[in-house]
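Chemist: This is the structure I want to talk about, given as structure tokens.
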Amino acid sequence: MKIDVLTLFPEMFQSPFEESIFKRATDNNLVRLEIHNFRDFAHDKHHAVDDSPYGGGAGMLLKPEPLFEAVEDVLREDPTPAPVILLSPQGRSFNQEVARELAKHERLIIICGHYEGFDERVREHLATDEISIGDFVLTGGELAAMVVIDAVSRLIPGVLGSGESSQDDSHSNGLLEHPHYTRPPVFRGWGIPDVLLSGNHAQINRWRRKESLRRTLKRRPDMFEKIPLSKADRKLVDEILAEENTQG
């Protein structure tokens, strides 16, 4: 996958993507990240990319000309079709389902916002998608872009090195992930569930599924309501509720 990012602060992307999993992905040509400073497409002597809004009001808006020209230049260099994504609090909520959807593309073009937002013509005539990573305010879209890039990249086959790794993550199957334990088996008097030491993989898988259901039910009931439960899942949930009632 190729990812083009349009930003006013290209240096912000250097360190985060030169480490760990993403670094291996780029070294293995699984992901190609290109950063473009759209200030380079401002033509006045001050290289201004923002201006005050018509009708008055606080703050400044990103002008349309530099953004349109930057995207057009990127597509001229490489005409591979790609969604043009605005990172904005007005966009659709980013989640694992959206990450899977974006991971199917050969290429993404991501625009990082700043100031009070974009000239509306950018939203209406340039962008094809608009994404928000949450209901809070950031100084700019760079951190949001990093979140999207990381979440999408790890879904690309080969990036994690194991086809099962991303499948077991929280949210990947609609559930929070089950608890994990590693050595030592007893730490400061705290042990681990006996089933994990049993070597019985069928029982281990059952325990993991049950604990994923338990954790999601308790911590994210909003997620739990959307999960299509199998007959086996419903039996596990009945066990969980019975255990919770006993403990209560």
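Chemist: Measure nothing fancy, just the Cα-based angle from helix 142-153's long axis to the longest principal axis of the chain, in degrees from 0 to 90, nearest 10.
Modeler: Orientation of helix 142-153: about 50 degrees from the principal axis.
Chemist: Divide, for the chain, the radius of gyration over alpha carbons by 2.2 N^0.38 Å, where N is the residue count.
Modeler: 1.28
Chemist: Over the chain, with the other protein chains present, what is the accessible area per residue in square angstrom, probe 1.4 angstrom?
Modeler: So the chain comes to 60 Å² accessible per residue, rounded to a whole number.
Chemist: A further question follows. So the label point goes 7 Å from the Cα of ASP150 along Cα→C-beta, right? Which residues of segment 112-135 then have their backbone N under 19 Å from it?
Modeler: Correct set: 112-113, 131-135.
Chemist: Let me ask something else about it. For the chain, the longest stretch holding no GluC sites (Glu not before Pro) located in a DSSP loop with at most 13 other Cβ atoms within 10 Å is which?
Modeler: Maximal segment without exposed cleavage sites: 20-105.
Chemist: With label points built 7 Å along Cα→Cβ from the Cα atoms of ALA232 and HIS46, find their separation and express it in nm.
Modeler: 6.6 nm
Chemist: If you don't mind, there's one more thing I want to ask. Principal axis extents for segment 116-166, Cα atoms only, whole Å, descending order, please.
Modeler: Largest first, segment 116-166 extends 43, 24, 15 Å along its Cα principal axes.
Chemist: If we count every other residue with Cβ under 15 angstrom of PRO221's Cβ, Lys/Arg +1 and Asp/Glu -1, where does the sum land?
Modeler: Surrounding charge for PRO221 is +3.
Chemist: Taking θ = phi - 60°, what integer Hz values does the Karplus form 6.51 cos²θ - 1.76 cosθ + 1.60 yield along segment 9-16, in sequence order, with x for Gly and Pro?
Modeler: In residue order, the calculated couplings are 10, x, 5, 5, 8, 5, 5, x Hz.
Chemist: Oh, and also: Could you work out, for segment 78-133, what percent of all Cα-Cα pairs fall into each 5 Å distance bin, beginning at 0 Å and stopping at the bin that holds the largest distance?
Modeler: 4, 17, 30, 26, 14, 8, 0
Chemist: Next question. Given a cut-off of under 8 Å on Cα pairs at least six residues apart, what relative contact order in percent is computed for the chain?
Modeler: 18 percent
Chemist: Which one, VAL84, VAL98, LEU67, projects farthest toward the positive side of the charge dipole computed for segment 65-105 from Cβ point charges (K/R +1, D/E -1)?
Modeler: Selected residue: VAL98.
Chemist: With both partners inside the chain, how many of the DSSP beta bridges are antiparallel, as a percent to the nearest 5?
Modeler: Of the beta bridges lying entirely in the chain, close to 10 percent run antiparallel.
Chemist: Segment 35-81: which trypsin sites (Lys or Arg not before Pro) are DSSP loop and have at most 11 other beta-carbon atoms within 10 angstrom?
Modeler: LYS45
Chemist: Related question: Which percent of the accessible area of the chain is formed by carbon and sulfur heavy atoms (probe 1.4 angstrom)?
Modeler: Percent of accessible area from carbon and sulfur atoms in the chain: 50.
Chemist: With angles folded into 0 to 90 degrees, how steeply does helix 64-77 sit against the dominant principal axis of the chain? Use alpha carbons for both and round to 10.
Modeler: 70 degrees
Chemist: Further question on the same structure: Enter the accessible area of MET223 (Å², nearest 10), with the probe set to 1.4 Å and all protein chains included.
Modeler: Its accessible surface works out to 30 Å², give or take rounding.
Chemist: Long-range amide H contacts for ARG107: which residues qualify at under 5 Å (H placed 1.01 Å from N, peptide plane, sequence gap of 5 or more or a different chain)?
Modeler: It is LYS2, by chain and number.
Chemist: Here's a follow-up. Taking only Cα atoms, what is the 0 to 90° angle, nearest 10, from helix 201-219's long axis to the longest principal axis of the chain?
Modeler: 60 degrees
Chemist: Okay, moving on. Name the longest site-free stretch of the chain, where the excluded sites are chymotrypsin sites (Phe, Trp or Tyr not before Pro) in a DSSP loop with no more than 14 other beta-carbon atoms within 10 Å.
Modeler: 55-135
Chemist: List every residue whose amide H lies under 5 Å from the amide H of ASP50, counting only residues 5 or more places away in sequence or on a different chain, with H placed 1.01 Å from N in the peptide plane.
Modeler: Answer set, sorted by chain and number: LYS63.
Chemist: Cross-chain or 8 or more residues apart, Cα under 16 Å: how many lysine pairs in the chain fit that? Count them up, please.
Modeler: Count of close lysine pairs: 7.
Chemist: Tell me which residues come under 5 Å, amide H to amide H, from ARG220 once H is placed; ignore anything under 5 positions away on its chain.
Modeler: Amide H neighbours of ARG220, under 5 Å, 5+ apart: none.
Chemist: Also: Note down the magnitude of the dipole of the chain about its Cα centre, charges +1 on Lys and Arg C-beta and -1 on Asp and Glu C-beta and zero elsewhere, to the nearest 20 debye.
Modeler: 1500 debye
Chemist: Any idea which of PRO16, HIS36, MET1 is furthest toward the positive side of the dipole for segment 1-64, if Lys and Arg beta-carbons carry +1 and Asp and Glu beta-carbons -1?
Modeler: MET1
Chemist: Moving to a separate point now. With +1 on the Cβ of every Lys and Arg and -1 on the Cβ of every Asp and Glu, and nothing else charged, how large is the dipole of segment 7-61 about its Cα centre, in debye rounded to the nearest 20?
Modeler: Dipole magnitude for segment 7-61 comes out near 120 debye.
The values are calculated or read from the model by the stated rules, or taken from the named source; none is laboratory data. Predicted model only: the values in this text are computed from it and were never measured. Reconstructed Cβ throughout: ideal geometry from the backbone, glycine too, with neighbour counts over all protein chains shown. Ligands, DNA and RNA are excluded from the accessible area calculation, which covers all protein heavy atoms including side chains. Shrake-Rupley method; radii C 1.70, N 1.55, O 1.52, S 1.80 Å.
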